[in-house]
Every structure is written in structure tokens, then in C-alpha cells.
Amino acid sequence: MTKYAKQILEIVQASRSHLTADQVFLQLREVYPKVALASVYNNLNRLCEEGLVRRVPVEGMPDRYDRMERHDHLVCKECGRLADVDLGDLTSQLEQAAGLSILSYDLKLVYLCEECRKKLQEKGM
């Protein structure tokens, strides 16, 4: 594993804020000031392929990167804010409902965060 990949993995694992590649880049530059953004993307892709980092796509937003620990996400429909939610491991329930063996799943619950809900109420919606 390259020095960049190792540091990127540490950054993602230490974060609970679902960083974008640009945010990872800014943190990595604190340790390696000459790193290129392309190196961050390449290493994030490799870490995802190796199953060490999880890519969390949100429609209309840049991909976010997360630790591999089993958890699901709440996604605000309005602002795209991601929050972790622990619903436990639903694999056996999903397999029973689908009638298939499931390798993995990525559950995203769409909601309106408190800030967006307040903004919409203020607008009378």
C-alpha cells in the first residue's frame, strides 16, 4: 500500500462526516503538501475496489467516502446531508424476503433533516 493510500485510509476511518474526495485531498495535503488531486481519486478508487473504503453515492452530489464498518445512512432529500444510522444487520431478513443469498447491501433512508424541514416551514411549504 502506498504512503498516500495508507494516509487516505486513516483519514476516512477517522472521519464520521462522509468526506468527499476534495475534502480528503485537503486533509492529505496537510501531511503531503505536494500530493495531486488525481492521486487522491486513484487511491480512493483502489481502496474501494479492495474493500477497505466504502463509496456512498448521493444523487446530484459528489461521491462521499466512508469506513467499512456495517451501518446504513440517512440522506436528506433537500441538502444531501448524510448521517449514520445503525439498524443492525438485516442480511438474513433481506435474503428471506428476496429468496436469494445476498452478498451485501447499501441502505439509504431518504428524509428531510431538521434544518431543511425548518426552512421549508418558513417558506410555507
Taking a straight Cα-to-Cα line shorter than 30 Å from residue 77, and setting aside same-chain lysines fewer than 8 residues away, one finds 108, 118, 119, 123
Full extension between residue 30 and residue 111 adds, at 0.36 nm per residue less the Cα distance, a length in nm of 25.7 nm
From most to least accessible, 1.4 Å probe, no ligand or DNA/RNA atoms counted, 59, 49, 95, 69 line up as 59, 49, 69, 95
Magnitude of the Cβ-charge dipole (Lys and Arg +1, Asp and Glu -1) of the chain about the Cα centre, nearest 20 debye, reported as 440
From DSSP H assignment alone, runs of 4+ in the chain each adding -39500 (n - 2.57), the sum over residues rounded to the nearest 500 puts [θ] at 222 nm at -12500 deg cm²/dmol
Note on the chain: contact order normalised by length, alpha-carbon pairs under 8 Å, 6 or more apart, percent, works out to 20
Probe 1.4 Å, heavy atoms of protein chains only: per residue, the accessible area of segment 50-109 in Å² is 63
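With N set to the number of residues, divide the alpha-carbon radius of gyration of the chain by 2.2 N^0.38 Å and report two decimals.
Numbers: Rg = 17.1 Å, N = 125, 2.2 N^0.38 = 13.8 Å.
Normalised Cα radius of gyration, the chain: 1.24.
The values are calculated or read from the model by the stated rules, or taken from the named source; none is laboratory data. Note that this is a predicted model, so its numbers are computed, not measured. Note that we place each Cβ from the backbone using ideal geometry, even for glycine, and neighbour counts take in every protein chain shown. Calculation scope for accessible area: heavy atoms of the full protein, side chains included, ligands and nucleic acids excluded. Shrake-Rupley method; radii C 1.70, N 1.55, O 1.52, S 1.80 Å.
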